[in-house]
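Step one of this worksheet: look at the structure below.
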Amino acid sequence: MSMNYSPDSMLAQVQVIADYQFGRGAGRALFPEGCEFVLSRTGRIRQVTFGGKRLVTVRAMDGKLTLGIDGALRLLAVLPPPAYRVVVIDEVAEFIRTGKNTFAKHVVAADPGIRSGDEVMVVTTGDELLATGSAVLSGREMLIFNYGVAVKVRQGR
């Protein structure tokens, strides 16, 4: 599908993807008017930025969104807990903030709807964003297991 879209149609496209991936209303919250689009050589949307900061990257393999810190902050503001959140003990917050992976033994709560491979936000017990990443385990498994990586952190804050 060759893409030669207007900014409005690109905005509508990424909003639909976000609504599908994170639930209704996520698209509008994540992508305000005035977003800029970084396109691939083939004309597909690769990244969406706002005010010079990356909100998301569109994964080439499946078209899903990976969150940047600024995108995660926008999503965190509109999605009520526990949506797409992995809550960790405060003792490991600084390590995760530097981009270290989140281990199952440090998880104190997780959205039961999280599936392996989902894009998630790692937060403190006070719902402060620490990092974004990809869930390795489901939300329930994160609470059951006492070993192994729960979230592969992509970007710390």
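So which residues in the stretch 1-32 are exposed (fewer than 12 other Cβ atoms within 10 Å of the Cβ) and under 20 Å from the mean Cα position of the chain (by Cα), if there are any at all?
Of everything in the stretch 1-32, those that are exposed (fewer than 12 other Cβ atoms within 10 Å of the Cβ) and under 20 Å from the mean Cα position of the chain (by Cα) turn out to be Val16, Arg24.
Residue-wise test of (1) out of contact with any strand residue (DSSP E or B) (no Cβ under 6 Å at 6 or more places or on another chain); (2) not polar (S, T, N, Q).
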residue	(1), (2)
Thr66	no, no
Ala72	no, yes
Tyr84	no, yes
Phe95	yes, yes
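Kindly evaluate Thr132 against the criterion of being over 16 Å from Leu79 (Cβ atoms), β-branched (Val, Ile, Thr) and not assigned by TED's automatic domain parsing to the domain that holds Arg54.
When the stated conditions are applied, Thr132 does not pass them.
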*Identify the single condition in (1) modelled with pLDDT of 95 or more; (2) within 28 Å of Gln47 (Cβ to Cβ) that His106 does not satisfy, given that it satisfies every other one.*
(2)
*Please state which of the following conditions Glu33 fails to meet, knowing it meets all the rest: (1) more than 30 Å from Ile144 (Cα to Cα); (2) at pLDDT 95 or above.*
(2)
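Pull up the stretch 37-55, narrow it to residues that are exposed (fewer than 14 other Cβ atoms within 10 Å of the Cβ) and without any contact (Cβ under 8 Å) to a residue 40 or more places away in the chain, then point me to the one that is farthest from Glu119 (Cα to Cα).
Residues of the stretch 37-55 that are exposed (fewer than 14 other Cβ atoms within 10 Å of the Cβ), as a first pass: 38, 40-43, 51-53.
Narrowing further to those that are without any contact (Cβ under 8 Å) to a residue 40 or more places away in the chain: 38, 40-41, 51-53.
Working: Val38: 20, Ser40: 22, Arg41: 25, Gly51: 23, Gly52: 22, Lys53: 19 Å.
Across the stretch 37-55, the extreme among qualifying residues is Arg41.
Listed here are the residues, each with its yes/no results for (1) surrounded by fewer than 19 Cβ atoms within 10 Å (Cβ to Cβ); (2) in the same structural domain as Ala26 (by TED's automatic domain parsing); (3) out of contact with any Lys or Arg (no Cβ under 7 Å at 6 or more places or on another chain); (4) at pLDDT 95 or above.
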| residue | (1), (2), (3), (4) |
| --- | --- |
| Val58 | no, yes, no, yes |
| Val88 | no, no, yes, yes |
| Glu94 | yes, no, yes, yes |
| Thr98 | yes, no, yes, yes |
| Met121 | no, no, no, yes |
| Thr124 | yes, no, yes, yes |
| Leu137 | no, no, yes, yes |
*Is there any pair linking a residue in the stretch 136-154 that is without any contact (Cβ under 8 Å) to a residue 60 or more places away in the chain to one that is of a type in the set (D, E, K, R), with Cβ under 6 Å and at least six apart or on different chains, and which?*
Val136/Lys152; Ser138/Arg115; Gly139/Asp111; Asn146/Lys105
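The values are calculated or read from the model by the stated rules, or taken from the named source; none is laboratory data. Worth saying up front: this structure is predicted, and the values here are computed from it rather than measured. Every residue, glycine among them, receives a Cβ derived from its backbone with ideal geometry; neighbour counts consider all protein chains shown.
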